[in-house]
1. Would you say A:T103 is assigned by TED's automatic domain parsing to the domain that holds A:D80, touching a residue at least 24 places away in the same chain (Cβ under 8 Å) and out of contact with any helix residue (DSSP H, G or I) (no Cβ under 8 Å at 6 or more places or on another chain)?
2. (1) touching a residue at least 60 places away in the same chain (Cβ under 8 Å); (2) closer than 21 Å to A:T41 by Cα: which one isn't true of A:I110, the others all being true?
3. Among B:L91, B:L127, which is farther than 29 Å from A:H119 by Cα and touching a residue at least 60 places away in the same chain (Cβ under 8 Å)?
4. Hey, among the residues in the stretch B:114-148 that are closer than 18 Å to B:I161 by Cα and of a type in the set (D, E), which one's modelled with the highest pLDDT?
5. Out of (1) over 14 Å from A:L123 (Cα atoms); (2) of a type outside the set (A, V, I, L, M, F, W, C); (3) more than 13 Å from the chain's Cα centre (by Cα), what's the single condition that is false for A:Y37?
6. Restricting attention to helices (runs of 4 or more DSSP H) lying wholly within the stretch A:91-202, give those where 3 or more residues are at the interface with another protein chain (Cβ under 8 Å from one of its Cβ atoms) and surrounded by 16 or more Cβ atoms within 10 Å (Cβ to Cβ).
7. Say whether the condition of being crowded, with 21+ Cβ neighbours inside 10 Å and not hydrophobic (A, V, I, L, M, F, W, C) is met by at least one residue in the stretch B:80-88.
8. Taking the stretch A:30-66, which residues are surrounded by fewer than 16 Cβ atoms within 10 Å (Cβ to Cβ), part of a loop (DSSP other than H, G, I, E, B) and in contact (Cβ under 8 Å) with a residue 12 or more places away in the chain?
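The values are calculated or read from the model by the stated rules, or taken from the named source; none is laboratory data. Predicted model, so just to flag it, every value in this text is computed and none were measured. Quick reminder, even Gly has a Cβ in these numbers, built from the backbone with ideal geometry, and neighbours come from all protein chains shown.
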There are 2 protein chains.
Amino acid sequence: MVDIDVAEKDVPGSRRGAGRRTAICQATCELLAKVGYDRMTMDAIATQAKASKATIYRMWPDKPQLVAEALKCQFSENSDVPNTGSLRGDLMALMTLACEAATSEIGEIIVGVMTAAAHDPRLAETLSQTVFADKAKMHVDLVRRAAERGEVHPDTDPALIHEVIHSLISGRMTWMLGPLDDAYIRHVVDDILIPVMTYRKP
Amino acid sequence: MVDIDVAEKDVPGSRRGAGRRTAICQATCELLAKVGYDRMTMDAIATQAKASKATIYRMWPDKPQLVAEALKCQFSENSDVPNTGSLRGDLMALMTLACEAATSEIGEIIVGVMTAAAHDPRLAETLSQTVFADKAKMHVDLVRRAAERGEVHPDTDPALIHEVIHSLISGRMTWMLGPLDDAYIRHVVDDILIPVMTYRKP
């Protein structure tokens, strides 16, 4: 176990606790944008964040876990979906947030990390668990509210929301099929999400 | 314009016409599997296919177009969907073929080319146009038959089939979310495709 004070004492301008955690995540995102996942080293992150490598490894045992948390920090600002009072309103809000996140300045980072994940099972698994697990509660709440209003069957699987939104947006980005604009958001909500969520098995 | 006989005369064992075209596509797929899209050169393809580079460039102006046709050759063996007599039967057959193609020995090649396409708009566009344009007719026929049986509205957009199947399968592969097995095929058909195709707008 590396003693934190020993690990930090030679690093000028190092920050402590939550502030340091944020600084390391921020440095990771900056480097992901600059050099991409594969070429980003823990040394470079340490230098950029003015932290010691020992501290970083104490907080995150490997690069996938650090990257997953760094992306999560960026995502989490937009993680609350407003309760709009209707299924369509909630799904429109959710798709809008998802498209905003994907087209934000970290959109390119996300595409880069996804690309790396295709060859790195550990990264793919960590990303799924860390970045997307948080969304599960949001989707459960959305379905519960819609069921209370009688808009969906109470047994509707909330995981369908993530499966559909995530696959469609990342497919459209990867294949450059078109912009993630208002027309696209309406298309996904009206032509795919609402049919899927409101379907009653014969 | 390069004269074909001049271009070929120094290449021992070169093949002519359709046979040569097939040989070049085959060589391209072998190299894609071996070294990936980015590291594959036109020189290496020429050597592998026993063809001159001039001949290859005469047939395909650039690497994206050659790769798109090479993948199309591999796909086209499975491009007919049986007419099963029901919407669900047709969609099950279609999803089964799509999952078989994705998990075949060229599945890895496809993932590799998709990864390259994320950074190469020309490749992404050529792949969309060449590899997937062929499927459009198949989807139009499927919807026409289902509309004739009264299972879907005649205005149902056949493009929804490709949008949903392609995004979901490639998302599941990229993120390593699970196998493309029978349970997954039934899930996509029953929980997503049938709801999307049979939805009647209020």
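1. Working: assigned by TED's automatic domain parsing to the domain that holds A:D80: yes; touching a residue at least 24 places away in the same chain (Cβ under 8 Å): yes; out of contact with any helix residue (DSSP H, G or I) (no Cβ under 8 Å at 6 or more places or on another chain): yes.
Yes.
2. (1)
3. Among B:L91, B:L127, only B:L91 is farther than 29 Å from A:H119 by Cα and touching a residue at least 60 places away in the same chain (Cβ under 8 Å).
4. B:E148
5. Condition (1) is where A:Y37 drops out.
6. So the answer is A:107-117, A:121-148, A:159-174, A:194-198.
7. no
8. Within the stretch A:30-66, A:D38, A:D62 meet the criteria.
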